[in-house]
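For reference, the structure is listed below as structure tokens.
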Amino acid sequence: MEKIFTKHQQDIAHKIEPKSVLKNWKDWKWHMRHAVKTIEEVENLTGIKFEPEDKKRFQETQDKFPLSITPYYLSIIKKENYKNDPVFKQAFLDNRELIVANSEMGDPLSEDHDSPVPGITHRYPDRVLLLVSNVCAMYCRHCTRKRKVGDQDYIPNKEQIKQGIEYIKNTPQVRDVLLSGGDPFLLSDDYLDWILTELRAIPHVQIIRIGTRTPVVLPYRITDDLVNMIKKHHPVWINTHFNHPRELTASAKEALAKMADAGIPLGNQSVLLADVNDCPRIMKDLVHKLVMNRVRPYYLYQCDLSEGLSHFRTPVGKGIEIMESLIGHTSGFAVPTYVIDAPGGGGKIPVMPNYIISWSTNKVILRNYEGVITTYQEPEKYESTICDRNCKDCNLELDVESGDEYNAIGIEQLLSDYDDTISLVPSNNERYERRGDENQDGEQS
Ligand SMILES: *Cc1c(COP(=O)(O)O)cnc(C)c1O
């Protein structure tokens, strides 16, 4: 059984502060106070010795993208083979961060554009991101918001957060609020309690989600006090961010157990990273370890086009290959959805291997994970009802409240019977421009 506060961790703690004991090590604020921010400190604490030329380049990299590692996360690096260590690679500078590829962007997801008020990203119809913290326990080298890392770390004050809360209050279609950042768990329990209380007082907010990497890089943040506070605001869902099985240490497992025991449904969002986890066996091991700790793999992200991440990117084919190795081969709930976050703010797009091989009016030809090709006979009789959205007179039972009315958009709109739009047309379509203003919405004349 692995230990918390191993000999190696004690050595690191003692180098930082000679008299430190287990109580200090398990104090998250101690880790924040002693966050490792220089190359020399990394050498001193881990015993790794970098080449002088490398160090010069590291320094240049650090000038652009700063370094910050918790003593805990540093302590799980394996020094002997550090150059190939998945923990080291996520935490420590890489000179390739300075390479800017043509396709890379500062804000690939256009988050700054979809922001109606400061602190809110409203991209999907019924849910918003509320940025409550600009602070992280560690600066992940693969951060999608890398452009912002190291910009003044600050926690927005109540006035600033109230602007976001006010927006949510005035936007009744928002039923799901995601606290994001930075890392929301770097707020104090009291501050987080205040935010959750404010959100809970909004009748249309059904669920609250928190995205945090603290279980991975600062597991001691998950205290009894924290989970007992969160429990009062249920339903609260938490998504964390494990990328490699090595990150599921005794300390991380303890943190996950505390949250699961508090009745918090746990999910995990991994990022597919070259030379870290771009391997079907590593991914399978990761998802198995997650479910053993009551964490459901939620998303596997294709690495974003953010500046300085080119060395982490894999082809999409690698992700499909990994999905192919998981679907059918392991428990359904251990399989995440593989998504590409569309550059330009299009949101998450799921990508899957193809399982439908062909189709006729009465048969679908499918293949399974083993390569067996099979036929699904469509029903001989299926009365397709024309849906006019008059749910009150429909035979299917659904209690619709007035607030549930909505207009379909996108492909759902094209598929619907109650809306006569027949095509979605790019806004810069010349053919449509020549036609003049009529028929812009694709309606048949
Ligand atoms: C990911 C994301 C969400 C949440 O999406 P889900 O698919 O519901 O998890 C919401 N808003 C933004 C801007 C996002 O990037």
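The values are calculated or read from the model by the stated rules, or taken from the named source; none is laboratory data. Worth saying up front: this structure is predicted, and the values here are computed from it rather than measured. Cβ atoms come from the backbone with ideal geometry, glycine included; neighbour counts cover every protein chain shown.
Number of residues in region 329-357 that are at pLDDT 95 or above and out of contact with any Asp or Glu (no Cβ under 7 Å at 6 or more places or on another chain) equals 20. Taken over region 383-411, the residue count meeting the criterion of being aliphatic (A, V, I, L, M), at pLDDT 85 or above and under 29 Å from the mean Cα position of the chain (by Cα) is 2. The set of residues from region 121-139 being surrounded by fewer than 22 Cβ atoms within 10 Å (Cβ to Cβ), modelled with pLDDT of 95 or more and aliphatic (A, V, I, L, M) is empty. The helices (runs of 4 or more DSSP H) found entirely in region 1-98 that carry 2 or more residues being under 29 Å from the mean Cα position of the chain (by Cα) are 28-33, 39-46, 52-64, 71-75, 86-91.
With the structure loaded, tell me whether TYR191 is away from the ligand (no atom under 16 Å from the Cβ), closer than 20 Å to VAL36 by Cα and of a type in the set (Ser, Thr, Tyr) or whether it fails that test. It is false that TYR191 is away from the ligand (no atom under 16 Å from the Cβ), closer than 20 Å to VAL36 by Cα and of a type in the set (Ser, Thr, Tyr).
Here's the yes/no breakdown for (1) touching a residue at least 12 places away in the same chain (Cβ under 8 Å); (2) farther than 30 Å from LEU45 by Cα; (3) in the same structural domain as MET32 (by TED's automatic domain parsing):
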| site | (1), (2), (3) |
| --- | --- |
| THR61 | yes, no, yes |
| ASN84 | yes, no, yes |
| GLN90 | yes, no, yes |
| ASN102 | no, yes, no |
| PRO156 | yes, yes, no |
| GLU159 | no, yes, no |
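Note on region 293-322: among residues that are out of contact with any helix residue (DSSP H, G or I) (no Cβ under 9 Å at 6 or more places or on another chain) and hydrophobic (A, V, I, L, M, F, W, C), the one that is modelled with the lowest pLDDT is LEU305.
If you go through region 17-59 and pick out every residue that is among the polar types (S, T, N, Q) and without any contact (Cβ under 8 Å) to a residue 24 or more places away in the chain, you end up with 3.
Selection of first residues in region 333-357 that are over 22 Å from ASN239 (Cβ atoms) and of second residues that are in a loop (DSSP other than H, G, I, E, B) and at pLDDT 95 or above, restricted to Cβ pairs under 9 Å at least 6 apart or on distinct chains, gives the following pairs, ordered by first then second residue: PRO353/TYR369; TYR355/ASN368; TYR355/TYR369. Summed over region 270-298, the residues that are crowded, with 19+ Cβ neighbours inside 10 Å, in contact with a Phe, Trp or Tyr (Cβ under 7 Å, 6 or more places away or on another chain) and either polar (S, T, N, Q) or closer than 30 Å to ASN228 by Cβ (or both) give a count of 3.
Say whether the condition of being modelled with pLDDT of 95 or more, in contact with a Phe, Trp or Tyr (Cβ under 6 Å, 6 or more places away or on another chain) and loosely packed, with under 13 Cβ neighbours inside 10 Å is met by at least one residue in region 67-81. So far as region 67-81 goes, no, none of its residues is modelled with pLDDT of 95 or more, in contact with a Phe, Trp or Tyr (Cβ under 6 Å, 6 or more places away or on another chain) and loosely packed, with under 13 Cβ neighbours inside 10 Å. You will find that of GLY371, GLY308, the residue that is small (Gly, Ala, Ser), in a loop (DSSP other than H, G, I, E, B), more than 16 Å from the ligand (Cβ to nearest atom) and outside the structural domain of ASN277 (by TED's automatic domain parsing) is GLY371 and no other. Of everything in region 347-404 that is farther than 30 Å from LEU305 by Cα and touching a helix residue (DSSP H, G or I) at 6+ places or on another chain (Cβ under 7 Å), the residue that is surrounded by the fewest Cβ atoms within 10 Å (Cβ to Cβ) is LEU398. Within region 223-241, the residues that satisfy the criterion of being surrounded by 15 or more Cβ atoms within 10 Å (Cβ to Cβ), within 16 Å of GLU254 (Cβ to Cβ) and not polar (S, T, N, Q) are LEU226, VAL227, ILE238. Taking the criterion of being assigned to a loop (DSSP other than H, G, I, E, B) and under 20 Å from ASP190 (Cα atoms), the only residue of region 246-262 that qualifies is ALA262. Evaluated against (1) away from the ligand (no atom under 16 Å from the Cβ); (2) within 30 Å of VAL205 (Cα to Cα), LYS78 falls short on exactly one condition, (2).
Among the residues of region 329-346, those that are surrounded by 13 or more Cβ atoms within 10 Å (Cβ to Cβ) and under 23 Å from LEU266 (Cα atoms) comprise HIS329, THR330, ALA334, VAL335, PRO336, THR337, TYR338, VAL339, ILE340, ASP341.
For region 162-200, the set of residues classified as of a type outside the set (A, V, I, L, M), buried (at least 21 other Cβ atoms within 10 Å of the Cβ) and within 27 Å of TRP28 (Cα to Cα) consists of SER180, GLY181, GLY182, ASP183, PRO184, PHE185, listed by residue number.
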